[in-house]
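Working notes, structure below.
The values are calculated or read from the model by the stated rules, or taken from the named source; none is laboratory data. The structure presented is a predicted model; accordingly, all values stated were derived computationally and were not measured. Note that each Cβ is placed from the backbone with ideal geometry, even for glycine, and that neighbours are counted across all protein chains shown.
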Amino acid sequence: MDVTSPLLDLPGAVAGNGVDAPVPAHYGSFHGEQRTLSQGDGFVDLSHRGVVRITGPDRLDWLHSLTTQHLLGLAPGEPVTTLVLSPQGHIEHALYGVDDGESFTAHVEPGTAPALASWLDSMRFLMRVEVADVTGEIAVAWRPLADDPHGRYDLVPRARLREYADAAGPAAGMWAFEALRIARGEPRPGLDTDHRTIPNEVGWIERAVHLDKGCYRGQETVARVHTLGRPPRRLTLLHLDGSDNRLPTQGAPLTYGEKEIGLVGSSARHHELGPIALALVKRAVPLDAALVADGIAAGQEAVVDPEVGLHVRPTL
């Protein structure tokens, strides 16, 4: 499906790369665009993201049983983040969704909607639900909010994306969006996670995982790590040495001395912090350790506390 954005025709628009190639990376000044977003103005075109819609009277009960979040009685218009896990508790999809009283619509990483829709469809059994990949009909955009660092996602009819852009204020590109996302320690599935990542490792407990709900696929792993121990890895924010005018390659090894102790995720140049990246690192690596990310010296700022879990460890 071609999801190339019509906003690439806007003045100054430069296309992104990789999975973000269908939307603008920037419009001529990604530092200026970051400042605009940081001040609570503008929007970002995320129209390459996949969109899945679930309809039917059983939709919320059904999704509640399949995913990590508590969705029973979800109020119309209330945004929610929930995860689909493997039976072993590894993250397969992160859904950012909203229910309008008749349907639940969620957006996911570019190119992943068909696989998600297919799996959901296979899990319907006798439930009164219908699943559809509506990426071709619905586009996603993001706007900053003064009272929420994660901002707001808008679902826009794809045919009206230019109209939305005209009304939403100055356009900012993916480079600005990514820099702010990385700075707030928000992981992106597939870029900052791998096939072994569990929610406990990347700070998604509570925001995307409800700890007091019933059984769902992968729950045993999440609950065991949360209550009896600490995750084997943790997400960390890397502050990179800016003397080398490059960023680390996504997926490159992260080293401590001669040992490989993690992998680098997404990276960006932040308008205040300079070059930064997210990385998954072994939990036992000290926070003050001098690391090397793809040949670039890096310091750490904790996203997930290395001691997470100790506060709920039972006394035996």
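Within the stretch 71-105, the residues that satisfy the criterion of being in a loop (DSSP other than H, G, I, E, B), touching a helix residue (DSSP H, G or I) at 6+ places or on another chain (Cβ under 7 Å) and touching a residue at least 40 places away in the same chain (Cβ under 8 Å) are Q88, G89. From the list A167, A115, A159, the one residue that fits, being small (G, A, S), within 24 Å of Q69 (Cβ to Cβ) and part of a helix (DSSP H, G or I), is A115. Close contacts from the stretch 108-125, counting a first residue that is surrounded by 14 or more Cβ atoms within 10 Å (Cβ to Cβ) and a second that is among the hydroxyl-bearing types (S, T, Y), with Cβ to Cβ under 6 Å and a gap of 6+ residues or different chains, come to A113/T135.
For first residues located in the stretch 240-262 and under 12 Å from A279 (Cα atoms) and in the same structural domain as A284 (by TED's automatic domain parsing), partners that are among the small types (G, A, S) and surrounded by fewer than 16 Cβ atoms within 10 Å (Cβ to Cβ) and lie 6+ apart or on another chain with Cβ distances below 9 Å form the pairs L240/G274; L240/A297; L240/G299; P248/G295; Q250/G18; A252/G295; I261/A284; I261/A289.
How many residues, within the stretch 1-23, are within 21 Å of the chain's Cα centre (by Cα), of a type in the set (A, V, I, L, M, F, W, C) and more than 18 Å from V156 (Cα to Cα)? Let's see the steps before the verdict.
Of all residues in the stretch 1-23, those within 21 Å of the chain's Cα centre (by Cα) come to 3-5, 15-23.
Among the residues that remain, those that are also of a type in the set (A, V, I, L, M, F, W, C) are: 3, 15, 19, 21, 23.
From what is left, the residues that are more than 18 Å from V156 (Cα to Cα) are 15, 19, 21.
Summing the residues that are within 21 Å of the chain's Cα centre (by Cα), of a type in the set (A, V, I, L, M, F, W, C) and more than 18 Å from V156 (Cα to Cα) in the stretch 1-23 gives 3.
Note on the stretch 220-316: enclosed strands (runs of 3 or more DSSP E) holding 1 or more residues that are within 30 Å of S29 (Cβ to Cβ) are 233-240, 259-270, 274-282, 291-293, 296-302.
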